[in-house]
Amino acid sequence: MRIASPLQRPLWLLALAFLGVIAAQGTGQMIFARHGYLLFVLLGSCVVWSLYAVRGITIERQVLTPRVVVGDTIRERISIRNEWPIPRTMIEVIDDSSLPERMMGVVLDLGARQERQRVWRSRAVIRGVYTLGPTIIVGSDPFGLFRIERRFISSERVIVHPRPQSVRLSAIGRAMLTGQRSSGRRTSDDAPQVVSVREYRPGDSIQRVHWRSTAKRGQLMIKESVNEPGVTAWMLLDANVAVQEWRGLSFMPGSMPIPDSTEEYAVAAAASVAQQWLAQGHAVGLLAHGLLPLDIEPQRGIAQRLALFDGLAALRCGGNTPLTDLFSQRKFYAGNTLCVITSDTNAEWVGALTSLKLQEIDVFVMLIEPLQFGGRRDMQAVRNALAQANIDYNRASFVQ
């Protein structure tokens, strides 16, 4: 607990109380002493009242929508209970969550051993992983001299996913157009024909666990299969902080509630591509190196969509891992499709991408133009290099 109100008025009253006692001793008039003692009693009573106001109260929070999409409503239930057999009045409950543009609070009275509930609603405006809380209760005396705060730490969290849009993919790779290319290689996708097993890696689906080998070796083993008709696709998102541009928190018009930055636009583009590819039945993976590395194995289905969007929600650009190093983080196979999303204006990474194309890997690029976000770097050299290497690309744009 801590005192949240300014102490000017209590200090003035305390000073007046001392002056009253001193005046009574100097003049012999007991009325000054009575006034001084009355102020001392008043101050002490107000402190006790304020401390009493915040004790014996418990708060519980329950997230009703643990995962939402940007633009949706976050709903949570908060329960406030008075554990003491004495009623409480004018209890202020304040939410101190990290959610942007969220100001929640309520003033209520609690009867003896009474519990009251409220459902708080707020709009999710920016993707991310947020903790709901702490919750602050504030008690005050009837004169407002002291305001005592008490904090309740909460572990509840909500994940705000980027909102997928209808993205224009004029260049999406030839394999993605048909959806019927099969490489005949071993993958970790959902396919019935098992050819071998390997050790479990973070991001693998539990449905792919080979239980007999797991029991034999004493560790989780994953089935590797021959890919059925369809495509194994990787999204490579450039999260190098050195190539990002940020123009502020202005939001795009219409149905694009995206902060004005290359980072948020790239994440929205990745979410849009993942949404479309998964809907077409492709196995989609994600690779990015931001503040924390993100490496999600290609899989199909609803569980994979959840894993991809959770990863994109938590992704934050950071570090200085160049795009060329990202290409070497994984072994790609003939028949794979690679979608590279970047705002890097240095054309050196195009050479590394060209070598992947020579290995019969389908590659294409989504360019995030820094000039659109207040930057001074131009993508013309990258566009020329991609055209010369005969690599499909297009600027990330969305259908309004």
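Miscellaneous remarks
- A single entry from Arg88, Arg81, Arg55 fulfils the requirement of being modelled with pLDDT of 90 or more and more than 28 Å from Val129 (Cβ to Cβ): Arg81.
- Test result for Val54, under 30 Å from Phe309 (Cα atoms), touching a residue at least 24 places away in the same chain (Cβ under 8 Å) and of a type in the set (A, V, I, L, M, F, W, C): no
- Hits in segment 131-159 - residues which are buried (at least 20 other Cβ atoms within 10 Å of the Cβ) and closer than 12 Å to Ser97 by Cβ: Leu132, Gly133, Thr135, Ser154, Val158
For every residue, the table says whether it meets (1) part of a strand (DSSP E or B); (2) more than 28 Å from Tyr52 (Cβ to Cβ).
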| site | (1), (2) |
| --- | --- |
| Ile91 | yes, no |
| Pro100 | no, yes |
| Ala112 | no, no |
| Arg116 | yes, no |
| Val119 | yes, yes |
| Ile126 | no, yes |
| Tyr130 | yes, yes |
| Leu145 | no, no |
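- Considering Gly281, Gly290, Gly301, Gly311, the condition of being at positive phi and within 23 Å of the chain's Cα centre (by Cα) is satisfied by Gly301 alone.
- Across segment 1-14, not a single residue is classified as surrounded by fewer than 15 Cβ atoms within 10 Å (Cβ to Cβ), at pLDDT 80 or above and of a type outside the set (D, E, K, R).
- The set of residues from segment 291-313 being surrounded by fewer than 20 Cβ atoms within 10 Å (Cβ to Cβ) and part of a loop (DSSP other than H, G, I, E, B) comprises Leu291, Leu292, Gly301.
- Within this structure, Leu338 passes the test of being at pLDDT 85 or above, part of a strand (DSSP E or B), of a type outside the set (Val, Ile, Thr) and crowded, with 20+ Cβ neighbours inside 10 Å.
The values are calculated or read from the model by the stated rules, or taken from the named source; none is laboratory data. None of these values were measured; they are calculated from a predicted model. So basically every Cβ, Gly included, is an ideal-geometry build from the backbone, and we count neighbours across all protein chains shown.
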